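Presented below is the structure to which this report refers.
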Amino acid sequence: MAIRKSKEENFEVSGTIEDWKSNVEKALEKGEFTSIKTNNILNQINANYKKLTVWGEISITLTENNGKIKINVISTANSDNIFALFSSPNKVILENFKNNL
């Protein structure tokens, strides 16, 4: 069984939940994430990230907070392979998402 670790980041942006939900979905597609699933009731988007050296998933939750949109991003990835010694798989997943956002 694989050893998995998680990393979480939060940030706030201006706009509406619907606009940011669309922006997040586009960023995931552009970042070559797969199995993108949106739960409109929870305002949550989940996707897989499967590359040769990184294997994991991302979960993004959008909430309204004092007129701003809070974006909570959690990356979970396998960390028991040789490639994880050179760079954090979770960092790779999070950076790929943020760079495409």
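The values are calculated or read from the model by the stated rules, or taken from the named source; none is laboratory data. This one's a predicted model, so the numbers in the text were calculated from it and none came from an experiment. Cβ coordinates were reconstructed from backbone atoms using ideal geometry, including for glycine residues, and neighbour counts include every protein chain displayed.
What to note about this one:
- The set of residues in the range 42-70 that are among the β-branched types (Val, Ile, Thr) and closer than 21 Å to residue 11 by Cα comprises 45, 58, 60, 61, 63, 69.
- Restricting the range 28-69 to residues that are assigned to a loop (DSSP other than H, G, I, E, B) and closer than 20 Å to residue 16 by Cβ, the residue that is nearest to the chain's Cα centre (by Cα): 43
- Selection within the range 3-19 - within 17 Å of residue 94 (Cβ to Cβ) and over 12 Å from the mean Cα position of the chain (by Cα): 4, 5, 11, 12, 13
- Candidates 60, 41: the one that is without any contact (Cβ under 8 Å) to a residue 12 or more places away in the chain and among the aliphatic types (A, V, I, L, M) is 41.
- Given (1) assigned to a strand (DSSP E or B); (2) touching a residue at least 60 places away in the same chain (Cβ under 8 Å); (3) among the polar types (S, T, N, Q), index of the condition residue 23 fails: (1)
- Sole exception among (1) surrounded by fewer than 15 Cβ atoms within 10 Å (Cβ to Cβ); (2) at pLDDT 95 or above for residue 1, by number: (2)
- Taking every residue in the range 89-101 that is aromatic (Phe, Trp, Tyr) and pairing it with any residue that is surrounded by fewer than 21 Cβ atoms within 10 Å (Cβ to Cβ) and assigned to a helix (DSSP H, G or I), at least 6 positions away or on another chain, the pairs with Cβ-Cβ distances below 8 Å are 97/27.
- Residue tally, condition more than 19 Å from residue 76 (Cα to Cα) and surrounded by 13 or more Cβ atoms within 10 Å (Cβ to Cβ), over the range 27-42: 1
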